[in-house]
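> Below is one structure. I have some questions about it.
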Amino acid sequence: MKIFNFSLFLALFSFFVQPLTAQTAVKGKIIYTSAGEPITNGVILIKNGKIDRVGTEASVRIPDNYTILEAEVVTPGLIDAHTVVGLAGHYNQSHDQDQLETSSAIQPELRAVDAYNAKEALVGHLRSLGITTIHTGHGPGALISGQTMIVKTTGETVEKDVLVPSKMLAFTMGSMISSAIKKPGTRSKGVAMLRQELIKAQDYAEKRKDKKKPPSINLRMEALADLLEGKLTAMVTVHKANDIMTAIRLQEEFGFPMVIDGAAEAYLILDEIKKSGHPVFIHPTMIRTRGDSKNASMETAAKLSEAGIPFAFQSGYEGYVPKTRVVLFEAGVAVANGLDMQEALLALTINAAKLLGVDDRVGSLEKGKDADLVLFNGDPFEYTSHVTWVIINGNVQ
């Protein structure tokens with residue numbers, strides 16, 4: 001008669017329900033480090049939440065006390081360069097939609113970190129598909145809708161997960177201003193309103209340098225002054241070629257750092273964008289082509305790559321349930337439309353990390369960096385492949 005081994009049951013149950021921590025070894029038939037050539041039959045040692053060693057099975061010995069995970073393909077944790085997840089929730093109801101405040105067209109003082117819900121179901125959805133870091137915050141629809149943040153998708157608390165609490169100011173230009181906001185009514189009015197606020201911010205920035213008689217703190221002016229001083233970056237959501245050129249012109253006038261976001265018609269003005277030096281958070285490859293984005297192309301990523309323009313993939317903002325796209329799938333479609341596979345992976349990892357200024361921690365599999373990894377049972381860009389394990393900060397999720 002077989003006897004039920006309760007101790008063995010408890011041990012197995014504990015293994016599967018609790019995150020694996022501390023010392024883990026990951027073996028991959030192919031490891032894409034985003035820091036050099038892929039490694040065939042490679043090993044990554046993880047210790048205390050950081051990457052300890054990366055190399056071939058022949059060069060890296062796995063200590064006896066390490067938990068071993070195996071996969072066909074291993075990549076760094078994927079990065080979504082622009083989303084609203086954590087502010088926009090999966091129910092698509094008023095109680096979980098904090099991505100756009102419509103009481104005013106210009107509100108740079110709003111902070112995503114004050115509204116982010118680390119336990120939102122969409123955060124877990126992205127994590128399950130290999131997205132370990134997101135640049136999220138207030139969405140398009142206002143001239144300036146607020147400040148963005150960079151955060152891990154561990155789903156703990158915003159204090160534990162956040163990498164950068166305030167990173168960019170979310171701008172919108174073109175005809176995408178929400179109908180819930182009464183003004184501006186036209187493109188020229190919108191730019192005039194932005195210009196007026198930036199002129200005020202220039203004056204405020206000068207006054208706050210006076211330590212003896214600084215001005216009374218104005219949160220709106222503080223944020224815009226930080227932008228003008230390069231402490232924040234303008235992320236300008238804009239699609240049409242003429243609006244992209246307007247954004248570039250405004251940036252040249254005031255000299256603030258800028259990322260072009262969306263850029264559906266970027267392929268029409270590649271030379272101008274490259275000359276400007278501004279990187280692009282490209283529109284989701286499968287974006288619905290309507291309104292300002294009606295001329296979007298699935299080949300834009302390949303064309304940006306060919307032109308030598310730095311770019312990263314984003315899920316952007318969606319008005320429908322489940323409220324988010326998945327950058328892994330968007331990049332896969334870009335690969336099917338001319339983008340080199342390894343270029344796509346770089347755009348999802350180290351290149352995105354560099355554009356966001358967090359490449360010292362994430363984006364590649366190198367000694368000393370955060371142990372954020374994704375394990376696949378096949379080609380990451382093949383739709384029939386699946387994520388088998390996700391590791392964030394050394395913890396198996």
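Each value in this text was obtained by applying a stated rule to the coordinates, not by laboratory testing. As the structure is a prediction and not an experimental result, all values here were calculated from the model. Here Cβ is always computed from backbone atoms with ideal geometry, including for glycine, and neighbour counts include all displayed protein chains.
> Count neighbours as other Cβ atoms within 10 Å of each site's Cβ, and list the trypsin sites (Lys or Arg not before Pro) in the range 71-141 that are DSSP loop with at most 13 such neighbours. Kindly include the intermediate steps, with their values, before the conclusion.
On the way: sites: R111, K119, R127; in loops: K119.
In loop regions of the range 71-141 (DSSP not H, G, I, E or B), the sparsely surrounded trypsin sites (Lys or Arg not before Pro) are K119.
> Of the listed pairs K50/K119; K152/K369; K189/K275; K207/K231, which have alpha-carbon separations greater than 20 Å here? Let's see the in-between values first.
Values: K50/K119 24 Å; K152/K369 14 Å; K189/K275 27 Å; K207/K231 17 Å.
In this structure, K50/K119; K189/K275 lie more than 20 Å apart at Cα.
> While we're on this one: Note down the nm distance, to one decimal, between modelled labels 7 Å out along Cα→Cβ at K183 and at S103.
If labels sit at K183 and S103, their model points lie 1.9 nm apart.
> Considering only the other residues whose Cβ falls under 12 Å of the Cβ of R288, what net charge follows from Lys and Arg at +1 and Asp and Glu at -1?
Values: positive: R290, K294, R325; negative: D292, E318.
Surrounding charge for R288 is +1.
> Now for a separate question. Springs between alpha-carbon pairs under 10 angstrom, Gaussian network model over the chain: which of T133, T324, T349 fluctuates most?
With Cα springs under 10 Å in the chain, the top fluctuation among T133, T324, T349 is at T324.
> Please sort by residue number the GluC sites (Glu not before Pro) in the range 181-255 whose DSSP state is loop and whose Cβ has at most 16 other Cβ atoms within 10 Å.
Working: sites: E197, E206, E222, E229, E252, E253; in loops: E229.
Within the range 181-255, the qualifying GluC sites (Glu not before Pro) (loop, at most 16 other Cβ atoms within 10 Å) are E229.
> Right, next: Projected onto the charge dipole of the chain (+1 at Lys/Arg Cβ, -1 at Asp/Glu Cβ, origin at the Cα centre), which of G139, A301, V335 gives the Cα projection farthest towards the positive end?
The Cα lying farthest towards the positive end belongs to G139.
> Let me ask you something else. With +1 on each Lys and Arg Cβ and -1 on each Asp and Glu Cβ, and nothing else charged, work out how big the dipole of the range 78-356 is about its Cα centre, in Debye to the nearest 20.
Working: 31 positive and 31 negative charges, 138 e Å.
Roughly 660 debye for the range 78-356.
> Out of residues 5 or more away from H82 or on other chains, whose amide H comes under 5 Å of its own, with H placed 1.01 Å from N in the peptide plane?
H135, S315, G316
> Towards the positive end of the charge dipole of the range 78-356, with charges on Cβ (+1 Lys, Arg; -1 Asp, Glu), say which of V158, N117, L100 has the farthest Cα.
L100
> Still on this model: Using a Gaussian network for the chain with springs between C-alpha atoms less than 10 Å apart, which of these wobbles most: K50, K213, K183?
Of K50, K213, K183, the Gaussian network model singles out K213 as fluctuating most.
> Could you tell me how far the Cα centroid of the range 316-366 sits from the Cα centroid of the range 294-308, in Å?
A separation of 14 Å, based on Cα centres.
> Taking 8 Å as the Cα distance limit and 6 or more residues as the minimum spacing, I'd like the relative contact order of the range 78-356 as a percentage. Don't skip to the end; give the middle numbers.
Numbers: 607 pairs, mean separation 52.0, N = 279.
It comes to 19 percent, rounded to a whole number.
> Another question, then. Compare Y267, Y320, Y32 in a GNM of the chain, Cα atoms joined below 10 Å, and give the one with the largest fluctuation.
Y320
> Are there trypsin sites (Lys or Arg not before Pro) in the range 273-332 that DSSP puts in a loop and that have at most 13 other Cβ atoms within 10 Å, and which ones?
Working: sites: K274, K275, R288, R290, K294, K303, K323, R325; in loops: R288, R290, K294, K323, R325.
Here the trypsin sites (Lys or Arg not before Pro) that fit, given the DSSP loop and packing criteria, are R288, R290, K294.
> Related question: How much length is gained if the chain between T157 and M245 is pulled fully straight, taking 0.36 nm per residue apart and subtracting their Cα-Cα distance, in nm to one decimal? Don't skip to the answer; put the middle values down first.
Details: separation 88, 0.36 × 88 = 31.68 nm, distance 3.95 nm.
Full extension of this stretch gives 27.7 nm more.
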